[in-house]
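The values are calculated or read from the model by the stated rules, or taken from the named source; none is laboratory data. Only a predicted model underlies this, so the values are computations on that prediction, with no experimental measurement involved. Cβ sites come from the backbone with ideal geometry, for glycine too, and all protein chains shown count toward neighbours. The protein model used for the area step is the full one, side chains on, heavy atoms only, and it has no ligands, DNA or RNA in it. Shrake-Rupley method; radii C 1.70, N 1.55, O 1.52, S 1.80 Å.
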Amino acid sequence: MNTTGRNDHTKNALASALAKAMEKKPIQKISVQELTDVCGIRRQTFYYHFPDVYALLGWTLERDRAAFEREQANLLCWQEYALMLLRFLGKNKKRYVGICSCMGWRFIERFYRDELGGVAEKAVNYYFAGRGADKKYVAFVSSFCTSSALALMGSWILGELDYSPEEIVGFLDTLSRDAVRGAEQRQLFAESAE
């Protein structure tokens, strides 16, 4: 095994040990020694890769986000993306709830904001294409959709919303279409008033 492969193996083993430990207790109570004991490595090996347990957590979330990004590369529409993201988060719900309880949803949100923002921007531009909407307004709607979707995901992960991923995506799709129809009506009304 080459050095890169060995490093990846060690990091992935530490990430797995952290995930299992987080099922039992909050991250603040997890020690480097505990993780290295589970992995059968020395503490120095941990510190070669990460300065602390929080850095390992950040690396783990970034790894998850990159894996998700690779999986969704061929998706055709925002609905597929949202459904896949919710399923992905749901599959790892216990870990994300643990992270939220000690680090807050914002810690997780920062890993998905840019990507989700790009998807929201494409969706909003698609809905408003050829409708003569003001670019500043379209950018605002895109930002609003991104922030709203992130807040919704956080509420869902924390169990504040009792909907399936399919129901959430269906409601978001309906809401999006209704918003576009409302914007079209406003545009027609403004044009007829001139």
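Couple of notes before you dig in:
- Candidate set: region 72-97, residues that are under 28 Å from I27 (Cα atoms), open to solvent by 40 Å² or more (accessible area, probe 1.4 Å) and not basic (K, R); chosen: the one nearest to the chain's Cα centre (by Cα): M84
- Any hit, region 144-166, residues being closer than 28 Å to A15 by Cα, among the acidic types (D, E) and surrounded by 13 or more Cβ atoms within 10 Å (Cβ to Cβ): no
- The set of residues in region 36-60 being more than 20 Å from V97 (Cβ to Cβ), of a type outside the set (S, T, Y) and in contact (Cβ under 8 Å) with a residue 12 or more places away in the chain consists of V38, C39, I41, F46, H49, F50, D52.
- A149 being in contact with a helix residue (DSSP H, G or I) (Cβ under 7 Å, 6 or more places away or on another chain), over 19 Å from L57 (Cα atoms) and assigned to a helix (DSSP H, G or I): yes
- Scanning region 149-194 for residues that are among the polar types (S, T, N, Q) and either within 12 Å of A82 (Cβ to Cβ) or in contact (Cβ under 8 Å) with a residue 24 or more places away in the chain (or both) yields S176, Q187.
- When restricted to residues that are surrounded by fewer than 18 Cβ atoms within 10 Å (Cβ to Cβ), farther than 18 Å from L56 by Cβ and aromatic (F, W, Y), region 106-128 contains 1.
- Only helices (runs of 4 or more DSSP H) whose full extent lies in region 1-90 are considered here, and the ones with at least 1 residues that are aromatic (F, W, Y) and under 23 Å from E121 (Cβ atoms) are 53-71.
- Subset of region 1-20 that is within 16 Å of D37 (Cβ to Cβ) and aliphatic (A, V, I, L, M) - its residue that is modelled with the lowest pLDDT: A19
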